[in-house]
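The structure under discussion appears below in the form of structure tokens.
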Amino acid sequence: MNNYYQGANTDQQHNYYKIALYLAIFTVFYNMLEGLASVFLGISDNCLTLSGFGADSLIEVVSGFGILQMVLRIRIQGTEQRNQFEKKALRITGVAFYLLAAGLVLTAAYNGYVCHKPETTFWGVVISLISIVVMALLLLMKLRTGHKLGSEAIIADAHCTRVCIYMSVVLLVTSIIFEITGFAWIDIAGTIGLAWFSFSEGRECFEKVKNNICCGCHKT
């Protein structure tokens, strides 16, 4: 069993589950706002990478809901069925990432075929900078909480947040390059990068379920 989880008493577990609940609620509302704004601005500016980034933010909402449901059920029903709840949360997150990866690849292929070119990537620079700061803080808090509870589902959700940081960097770099050079294919290249990160994280979620390492079942 995870050493953090093994050493935590009931009151400490209760406090950390409360923190996990607040983090899940924040993840849901922040990413919903970020996702809707990114998709809207991405469509308005014909910026595929920004739209894909917004879609990823909405996947973070799905992940946040999965963790939120898990934490609420554990607080109500106890930890006896914790493994079952965590596996369900991991599967929800994994499926969401696979769907996003497939959608991004198909959209990138279509836009390459029609010689798509964004009008501007200014908002990509703004949104990515904000996201990097917020997601970095959220990542640290989720990792700490997940390790304290020995929860692979919460740690997996933190990895979703880590991927969001990577995607923010991809969005920032591609947006700056386009603004400087006007090179249209950088938008499609950035979208493929987002798809790769999404697929990798989805696969990792299902590997954790397959290896049965939820809720501290893995060896220390």
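Quick one: is His218 in a loop (DSSP other than H, G, I, E, B), modelled with pLDDT under 80, touching a helix residue (DSSP H, G or I) at 6+ places or on another chain (Cβ under 8 Å) and at negative phi? Yes.
Yes/no per residue for (1) surrounded by fewer than 17 Cβ atoms within 10 Å (Cβ to Cβ); (2) in contact (Cβ under 8 Å) with a residue 12 or more places away in the chain; (3) of a type in the set (Asp, Glu):
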| position | (1), (2), (3) |
| --- | --- |
| Ala20 | no, yes, no |
| Phe29 | yes, no, no |
| Leu36 | yes, yes, no |
| Cys47 | no, yes, no |
| Ser51 | no, yes, no |
| Asp56 | no, yes, yes |
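Per-residue answers, yes or no, for (1) farther than 18 Å from Leu48 by Cβ; (2) under 12 Å from the mean Cα position of the chain (by Cα); (3) crowded, with 24+ Cβ neighbours inside 10 Å:
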{"position": "Val105", "(1), (2), (3)": "no, no, no"}
{"position": "Ala108", "(1), (2), (3)": "no, no, no"}
{"position": "Gly112", "(1), (2), (3)": "no, no, no"}
{"position": "Ser128", "(1), (2), (3)": "no, no, yes"}
{"position": "Leu140", "(1), (2), (3)": "yes, no, no"}
{"position": "Ser151", "(1), (2), (3)": "yes, no, yes"}
{"position": "Asp157", "(1), (2), (3)": "yes, yes, yes"}
{"position": "Thr161", "(1), (2), (3)": "yes, yes, yes"}
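From the list Val125, Val209, Val173, Val169, the one residue that fits, being under 26 Å from Val105 (Cβ atoms), at pLDDT below 85, among the β-branched types (Val, Ile, Thr) and touching a helix residue (DSSP H, G or I) at 6+ places or on another chain (Cβ under 8 Å), is Val209.
The values are calculated or read from the model by the stated rules, or taken from the named source; none is laboratory data. All values reported here derive from a predicted model rather than from experimental measurement. Glycine also receives a Cβ, built like all others from the backbone with ideal geometry; neighbour counts cover every protein chain displayed.
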